[in-house]
Amino acid sequence: MTDTSIPSQPYSAANEAGFGDYFALLKPRVMTLVVFTAFVGLLAAPTPVHPFVGFCAILFIAIGGGASGALNMWWDADIDAVMKRTRRRPIPAGKVTGADAFGIGIALSAFSVVFLGLATNWVAAGLLAFTIFFYVVIYTMWLKRWTPQNIVIGGAAGAFPPMIGWAAATGGVSIESVLMFCLTFMWTPPHFWALALFMRKDYDNADVPMLTVTHGRRATRIHILAYTVLLAVLALAAGFTSIGGPVYIATAVVLNAMFLRGAVQIWRRDEDMSEADNFRVERKFFKLSLLYLFAHFGAILVEAGFDKFGVWA
């Protein structure tokens, strides 16, 4: 890590940050996924939760996710400055200092964990604390710059929110919350490797050992197919637990067929084919991956609503 307190563009009063810059530190796009999957975990749990308690739980989980994002940007400011898709983030853009990002991240981390524990239970708070630690220390500080399996192992951080939501309602962990964790965990590698296929230069420039850099695109295509097959098995298995049902199973069958088809297409392609059409298939697969996760968790949410209103009774 270089000195991330010094942004690529010097911080100055003339370049003073606004509210939007500080909010951007929290990675709002990532926070959207955190909030949604945590909300699904909370609603899908068999234990009813008072609406105000549920609101507080989701709020503190979101703040914890944002705290992780701020600490990630603090540590990664050096590589963010050289990657095309991240160089406009607040620190490399000179809007926010690394020290400010660190302070905000630490303060929000402590706040979110303590208040989640007070609002719900300490199992959920402990899971949130571990998630923040895992994302910041295990993934950002260690795995990301050390191993091509960074996104595989590090994907666990993004997979915890539905488990935290479930724990906030029930005070524990179950096979259903583990399967929701696995759904996000196994989705993460093919999602990010598809991005890496057509953004490889970014990772080359930043010297990040993404699989495309260390093992090449051919190996990455094989890995995408292998993980997509495993993901399909887990996604379908979730349909036969209490969080599943007709809507979820239909959604899982259709989307996993589409996802598998896309993974096979990627596997069959070589670099000449990809360069010729500017990675059209890889880009399409990446866009589908965004729909994939939201649709699966949306189906779980629908099933939870049907269950609570006795539709399937």
Open item on the list: If I require 27 Å or longer along the helix axis, counting alpha carbons, and a Kyte-Doolittle average no lower than -1.0, what helices from the chain are left? Use full DSSP H segments.
Closed with: 51-75, 98-119, 175-198, 216-238, 246-268, 280-308
TODO: Report P(r) for region 132-241: all Cα-Cα distances, bin width 5 Å, range 0 to the bin holding the largest distance, values in whole percent.
DONE: 2, 12, 19, 21, 18, 13, 8, 4, 2, 0
Task: Translational diffusion coefficient (Stokes-Einstein; Kirkwood radius from C-alpha pairs) of region 174-313 at 10 °C, 1.306 mPa s, in µm²/s - done: 100
Open item on the list: Cβ neighbours within 10 Å, averaged per peptide: list 272-281, 127-136, 156-165 in order, most packed at the top.
Closed with: 156-165, 127-136, 272-281
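If you wrap region 259-309's Cα atoms in a convex hull and average its projection over all directions, what's the area in nm²? Before the final figure, lay out the partial values.
Working: hull surface 14.8 nm².
Result: a mean projected hull area of 3.7 nm².
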Open item on the list: Given a 1.4 angstrom probe, I'd like the percentage of the accessible area of the chain that is carbon and sulfur, rounded to a whole number.
Closed with: 69
Task: Mean accessible surface per residue for the chain, computed with a 1.4 Å probe while every protein chain stays in place, in Å² - done: 44
TODO: Could you work out the relative contact order of region 18-171, using alpha carbon pairs under 8 angstrom and six or more residues apart, expressed as a whole percent?
DONE: 35
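The values are calculated or read from the model by the stated rules, or taken from the named source; none is laboratory data. Keep in mind the model is a prediction, meaning the values are calculated, not measured. Reconstructed Cβ throughout: ideal geometry from the backbone, glycine too, with neighbour counts over all protein chains shown. Protein only, heavy atoms only, side chains kept; ligands, DNA and RNA dropped before computing areas. Shrake-Rupley method; radii C 1.70, N 1.55, O 1.52, S 1.80 Å.
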